[in-house]
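Below is one structure, written out as structure tokens; comments come after it.
Derivation of every value follows stated rules applied to the coordinates shown; laboratory data play no part. Predicted model only: the values in this text are computed from it and were never measured. Note that we place each Cβ from the backbone using ideal geometry, even for glycine, and neighbour counts take in every protein chain shown.
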Amino acid sequence: MRPFSYTNAKNKEQALQTFTKTSHYLGGGTNLVDLMKEDVERPDQLIEVANLEYKNITKNNEGGYTLGGMLSNSETANHPDIRKNYPLLSMAMLSAATAQIRNMATNAGNLLQRTRCPYFFETSMPCNKREPGSGCGAKDGMNALHAIFGYSDKCIATHPSDMCVALAAMNAKVEVQKTDGSSRTIDFTDFHRLPGNQPEKDNTLEPGELITVIHLDEPKFSDHYYYLKIRERSSYAFALVSVAAGLQIKRGVITKAGLAMGGVAHKPWKFTKVEKYLEGKKPNKVNFKAAAEMAMQDAKPFEGNKYKVEMGKKAIVRALTQAFEREA
Amino acid sequence: MDEMEKWKNGSDTDQLSKDEEKIFDEIGLNGTSRRKFLKQMSAASLSIWASSYLTSDLLASPARTLPDNPEILLNEVRVNLRVNDMVKQLALDSRTSLLDALRERLQLTGTKKGCDHGQCGACTVMVDGKRKLSCLTLAATCEDKEITTIEGLAENGNLHPMQEAFLKHDGFQCGYCTPGQICSSVALLEEAKNGEASYVTEDFKDVKTDLKLSEEEIRERMSGNICRCGAYNNIVQAFKEVHSGDDEMPTWEFATAKQMEKAKNS
């Protein structure tokens with residue numbers, strides 16, 4: 001690992017003022033420290049922000065809840081208010097990694113996870129995300145784990161988070177603090193970006209911006225929810241394909257749907273059109289199958305990941321079915 | 001002058017190429033500290049060269065002769081590490097993981113380095129009662145936190161019930177993952193008491209405490225600790241005995257043809 005100086009930020013102001021272009025904020029470190037060991041990330045200063053005061057879960061003005069960015073993933077997923085109101089979020093978060101890692105990882109850090117594309121991790125390989133201009137090894141290489149939606153010539157990596165897939169289905173908002181002391185709020189679907197010509201940028205944060213809290217809308221999917229995660233072993237693996245499905249059902253009709261997929265794009269892939277399609281429909285197999293066909297029709301797989309298209313369709317049907325059949 | 005002579009006189013240490021000088025300037029070493037650093041580096045390479053001439057006795061105990069704190073550190077951080085009710089102030093390179101601080105500086109070698117990348121769980125310790133991976137935790141972030149390692153589980157010379165159970169049920173073969181497995185198990189006992197959920201929990205909205213975990217639950221919740229020898233059944237058995245008093249051997253069976261068919265068609 002390359003040398004770096006360490007600053008334990010006592011407050012938000014100190015964190016923001018200490019930031020330089022070559023600094024990194026440190027949350028739980030579960031991804032960042034690993035990438036530093038691999039020489040993929042090379043900050044010359046780490047600013048620890050895990051101890052800042054954003055560690056609560058509180059009610060907000062939208063009738064929902066606000067999650068502290070520095071609260072751990074396990075404390076968030078297990079918080080009684082989150083389990084009761086947003087069980088879809090709890091389920092997605094608890095499908096991720098392991099108890100040890102969830103105890104370390106922060107909510108803000110979860111959003112900033114980097115891809116697990118093996119070409120990104122291996123410094124002897126080309127990777128436009130790690131080293132812009134060096135090429136993409138995966139496009140014509142081993143691409144079983146890669147994107148089928150929204151990729152570019154420069155990068156076909158996927159976003160690894162489970163939490164973010166649920167947040168995309170739930171229309172969350174991310175509040176960030178800028179270095180000049182002001183703050184701004186970003187819609188969750190605008191937070192992560194597609195690779196385009198700048199795959200080195202995973203999200204729309206400006207240098208030095210610090211995620212402080214995540215706002216959730218009033219709960220809609222607390223009765224009908226399911227997070228389906230398909231992976232190469234039954235626990236402790238990243239998703240090949242995952243589906244966050246939430247349904248609000250009144251008098252036998254879907255009044256609100258949330259549907260997003262993980263493991264298939266550079267960002268959590270939200271099916272906005274399909275959500276609209278499901279609203280007003282009956283929750284049955286025919287409609288779920290039609291939704292799945294509609295969702296996957298734009299998929300353009302590579303040699304190694306053709307399986308994701310069919311898997312994606314079945315996963316959507318299964319997740320929606322499980323969400324519907326759950327005893328309210 | 002041969003290599004050894006040069007090293008003894010320290011006469012080669014000031015003759016750096018332009019590139020080398022640039023590197024040392026970049027990492028902030030110059031003047032006396034540069035000379036000291038280079039001497040230490042030479043000493044380190046000598047010890048590798050000489051290791052084949054040393055007896056195993058000498059090699060087994062070098063840590064004890066180390067000074068408490070090294071003379072020169074890059075990006076030094078001072079940390080009060082509270083480990084197993086003992087407090088020690090260490091001066092550390094900011095890069096030092098909690099795992100390396102425990103093993104290399106406090107000689108607490110019970111915690112094991114497996115993959116060093118957060119993929120195996122061998123380095124699991126408890127930080128403020130929560131199980132965490134010491135390989136991905138920077139020691140610098142542990143100021144005033146309570147760290148419990150495998151060495152801190154026994155009380156008054158009596159093993160922790162989980163340690164007893166692992167012995168009784170052969171919850172290991174080679175034993176390398178065992179300290180991590182046991183620390184993880186001890187933390188899981190608390191998590192079950194607190195009613196924490198897992199991905200296989202059926203109803204997330206139903207928040208209860210004092211959970212009695214099924215085998216499926218135990219396996220999911222212990223998935224962060226890999227056992228290359230495959231002693232999983234025995235590990236589950238050991239955990240169950242302490243958790244619920246049930247020490248029956250875990251059972252499993254192959255799926256029937258009918259179950260396979262059903263899975264394919266669903």
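Observations
- Exactly one residue among A:Ser235, A:Ser222, A:Ser242 is out of contact with any strand residue (DSSP E or B) (no Cβ under 9 Å at 6 or more places or on another chain), within 14 Å of another protein chain (Cβ to nearest Cβ) and of a type outside the set (A, V, I, L, M), and that residue is A:Ser235.
- Among residues that are surrounded by 24 or more Cβ atoms within 10 Å (Cβ to Cβ) and either at positive phi or assigned to a loop (DSSP other than H, G, I, E, B) (or both), A:Thr115 is included.
- With respect to the conditions (1) buried (at least 22 other Cβ atoms within 10 Å of the Cβ); (2) away from chain B (no Cβ under 14 Å), A:Gly109 falls short on a single one, namely (2).
- Residue identified as in a helix (DSSP H, G or I), among the β-branched types (Val, Ile, Thr) and either touching a helix residue (DSSP H, G or I) at 6+ places or on another chain (Cβ under 9 Å) or within 14 Å of chain B (Cβ to nearest Cβ) (or both) among A:Thr189, A:Thr212, A:Thr179: A:Thr189
- Annotation: of all residues in region B:167-208 being at the interface with chain A (Cβ under 8 Å from one of its Cβ atoms) and under 17 Å from the mean Cα position of the chain (by Cα), the one that is surrounded by the most Cβ atoms within 10 Å (Cβ to Cβ) is B:Ser184.
- Leading residue by the ranking (surrounded by the most Cβ atoms within 10 Å (Cβ to Cβ)) among those in region B:68-90 that are without any contact (Cβ under 8 Å) to a residue 60 or more places away in the chain and within 13 Å of another protein chain (Cβ to nearest Cβ): B:Asn75
- For region B:138-166, the candidate set comprises residues that are part of a strand (DSSP E or B) and among the charged types (D, E, K, R); within that set, the residue that is surrounded by the fewest Cβ atoms within 10 Å (Cβ to Cβ) is B:Glu155.
- The residues listed here are A:Met142, A:Met91; of these, the one that is in contact with a helix residue (DSSP H, G or I) (Cβ under 8 Å, 6 or more places away or on another chain) and buried (at least 24 other Cβ atoms within 10 Å of the Cβ) is A:Met91.
- All positions within region B:215-243 that are assigned to a helix (DSSP H, G or I), farther than 18 Å from B:Ser198 by Cα and free of Cβ contacts under 8 Å to residues at least 60 places away in the same chain: B:Tyr232, B:Asn233
- Summed over region B:111-137, residues that are over 15 Å from A:Met1 (Cβ atoms) and either buried (at least 19 other Cβ atoms within 10 Å of the Cβ) or of a type in the set (Asp, Glu) (or both) total 17.
- Residue within region A:39-55 that is at negative phi, facing chain B (nearest Cβ under 8 Å) and among the charged types (D, E, K, R) present: yes
- Number of the exception - B:Leu211 against (1) away from chain A (no Cβ under 13 Å); (2) aliphatic (A, V, I, L, M); (3) crowded, with 17+ Cβ neighbours inside 10 Å: (1)
- Residue within region A:62-69 that is within 13 Å of chain B (Cβ to nearest Cβ) and in contact (Cβ under 8 Å) with a residue 40 or more places away in the chain present: no
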